[in-house]
Amino acid sequence: MAKKLMLGTSAIALGAIEAGISYASSYPGTPATQILEHIAHNSSVKCEWSVNEKVAYEVAYGVSLTGRRALCSMKHVGLNVASDPFMTSAYLGTKGGLVLAIGDDPNAYSSQNEQDSRFYASFAKILCLEPADAEEAKNMTKLAFDISEELRLPVMIRSITRLLHCYSPVSIGKRRDENPLSLQKDPEHMIAVPKHVLNLHRELNAKQKKIHEIIKKYNFNKIYPGKGKKGIIACGITFLYAMELNEKLPILKISAYPIDESLIREFVSDLEEVIVLEEGYPIVEQLVKTIHSNVKGKLSGDLPMEGEMGIDNVIKFFRKSSYKPIPDLNKYLLPRPPVLCPGCPHREFYKALNEAKPTFVTGDIGCYTLGANPPFKAIDTCLCMGASISKASGIASQGVKRVVAIIGDSTFIHTGIPALINSVYNKANILVCILDNSSVAMTGHQPTPAIGITAKGEETKVLNLAELCKACGADSVEVVDPYDKKATLQAIKKGLDSSGVNVIIAKRTCILVAKKLKG
Ligand SMILES: Cc1ncc(C[n+]2csc(CCOP(=O)(O)OP(=O)(O)O)c2C)c(N)n1
């Protein structure tokens, strides 16, 4: 079989393509963005950038109802947004294979937290696979569709930045045919209403035995014998750390959850010490601690609870006295904190905003969050996508005047719209500034509905943000060019002094996109 060096993201995409998917949906988010990009640019599979992760998951679930296969991918925090349909879809079950590929981000290289999606899989009572490298990522994704159809449940592929953004060899296989279209009504398994719920929950619980059987059948969790009374339990990518360590110790490789307790018992029965390696929260370690009295890992304080574990921390733990840290080359480099690009329209907007002297500025997530850094220091809070307008409403509800919410175009469409409606409905006095650079710049310039280009690069209807804001009931909507400082400053000053919900759309294409368009 031919092999190719591939990114983990591309490997997952390839696994889904070879599995015969009929659709893929996603909302951009590092480290998972390139999964959909690979499908869009390297296959004929239909796919979409959805407006947010909840919508992406619901679209994929809809495809599954037709008997066809769908992949839905997102970053870890995206699953918070998609958690409502995700949780109940496990109750209803699926028809065509439905696979949810999640990119976790230990160390928060590009995220607002380090949450571990394995919790979500166990919360929803579904099977979760955790590959160690790109080859496994591809094979597991492909297999996950068969497993999903066998269980009639969504299956999660959980991987992390280190795997998704690294290249390793991947075998290229054949694309399986798509499933035939077969949309049949099945109210008991399609309508989540109270009268069906207990039965659905019973069915979901009954599937747990089958999940364990499938994990055993495919040998996902495997013991590698070794020498000595110390043993390693290694989850996902940490299996590579354990191999690189080359201590010749017995290893239990974990690639599937929920974990089979009996396998852990079998593995640890003869051991005097068990070391648990896992990226993310100490989920496996917590379980092993209930089975063995000498467990080393994050909970014991031997490995870091926060950040990425990485091979360096593992070597440090095993080779205590002879450990030589990897030289910190960063000290030879000039510091390069993330900054707004030269010529970025957000820069110009912040200059005007600072001059207008607002009392408090609620931020959101996107390139414009960098306005919190010097020299602008223009943002006072950042929580999660879509929160700027609602936070501003909360602050203003306490009588604080001249409160400004800053939000990007993609973020506004993602979850800002309900917050705008909410602020109008509840009579807030705030100024909302939508920094519209006609791009999802932070994640690599994906298109948005406001520019009318699909994931496949096709033209589609253009969403008019100004008309939308008016329809939401905003008291005024003004569109300005942030390069026009006078007009921008004037609009901000006017908005700050007005009551009600006033919106400024600062519209200018991201400088990097504009450069590309010029060629
Ligand atoms: C729930 C969630 N989904 C996705 C992301 C990844 N992400 C960070 S900012 C952003 C959107 C940025 O686009 P926009 O609001 O247009 O601002 P820009 O970067 O273009 O200034 C995305 C998708 C995230 N942090 N949280």
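The values are calculated or read from the model by the stated rules, or taken from the named source; none is laboratory data. Because the structure is predicted, anything quoted here is derived from the model rather than measured. So basically every Cβ, Gly included, is an ideal-geometry build from the backbone, and we count neighbours across all protein chains shown. All accessible areas refer to the heavy atoms of the entire protein, side chains included, with ligands and DNA or RNA removed. Shrake-Rupley method; radii C 1.70, N 1.55, O 1.52, S 1.80 Å.
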### Message
For a quick check of your reading: which helices (runs of 4 or more DSSP H) sit entirely within the range 173-273 and have at least 2 residues that are crowded, with 17+ Cβ neighbours inside 10 Å?
### Response
194-217, 238-245, 261-268
#### Entry: Meets criteria (in contact with a strand residue (DSSP E or B) (Cβ under 6 Å, 6 or more places away or on another chain) and among the aromatic types (F, W, Y)) for Y23
yes
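Taking only the range 329-346 into account, find how many residues are part of a helix (DSSP H, G or I), within 15 Å of T509 (Cβ to Cβ) and free of Cβ contacts under 8 Å to residues at least 40 places away in the same chain.
Count: 0.
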#### Entry: Answer from S64, S89, S10, S22 - the residue that is small (G, A, S), more than 16 Å from F145 (Cβ to Cβ) and modelled with pLDDT of 95 or more
S10
### Summary
Considering the range 288-315, residues that are in contact with a helix residue (DSSP H, G or I) (Cβ under 7 Å, 6 or more places away or on another chain) and assigned to a helix (DSSP H, G or I), and then whichever is surrounded by the most Cβ atoms within 10 Å (Cβ to Cβ), we arrive at V288
#### Entry: Checklist (1) more than 16 Å from the ligand (Cβ to nearest atom); (2) within 23 Å of the chain's Cα centre (by Cα) applied to G366, failing item
(1)
### Message
So, in the range 328-364, how many residues would count as being surrounded by fewer than 19 Cβ atoms within 10 Å (Cβ to Cβ) and more than 24 Å from G301 (Cα to Cα)?
### Response
20
### Residue check for D436: over 21 Å from S110 (Cα atoms) and touching a residue at least 40 places away in the same chain (Cβ under 8 Å)
yes
### Task
Consider I211 carefully, then state whether it is hydrophobic (A, V, I, L, M, F, W, C), in contact (Cβ under 8 Å) with a residue 60 or more places away in the chain and in the same structural domain as R158 (by TED's automatic domain parsing).
yes
### Task
Output the residues belonging to the range 338-363 that are within 25 Å of the chain's Cα centre (by Cα) and more than 10 Å from the ligand (Cβ to nearest atom).
P338, V339, C341, T362, G363
### Query
Name the residues in the range 488-507 that are touching a strand residue (DSSP E or B) at 6+ places or on another chain (Cβ under 9 Å) and either of a type in the set (D, E, K, R) or open to solvent by 30 Å² or more (accessible area, probe 1.4 Å) (or both), would you?
Q490, K494, S498, K507
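Among the residues of the range 316-327, write down those that are at pLDDT below 90 and open to solvent by 80 Å² or more (accessible area, probe 1.4 Å).
Answer for the range 316-327, where residues must be at pLDDT below 90 and open to solvent by 80 Å² or more (accessible area, probe 1.4 Å): K320, S321, K324, P325, I326, P327.
Which members of the range 1-30 meet the condition of being of a type in the set (S, T, N, Q) and touching a Ser or Thr at 6+ places or on another chain (Cβ under 7 Å)?
Scanning the range 1-30 gives S25, S26, T30.
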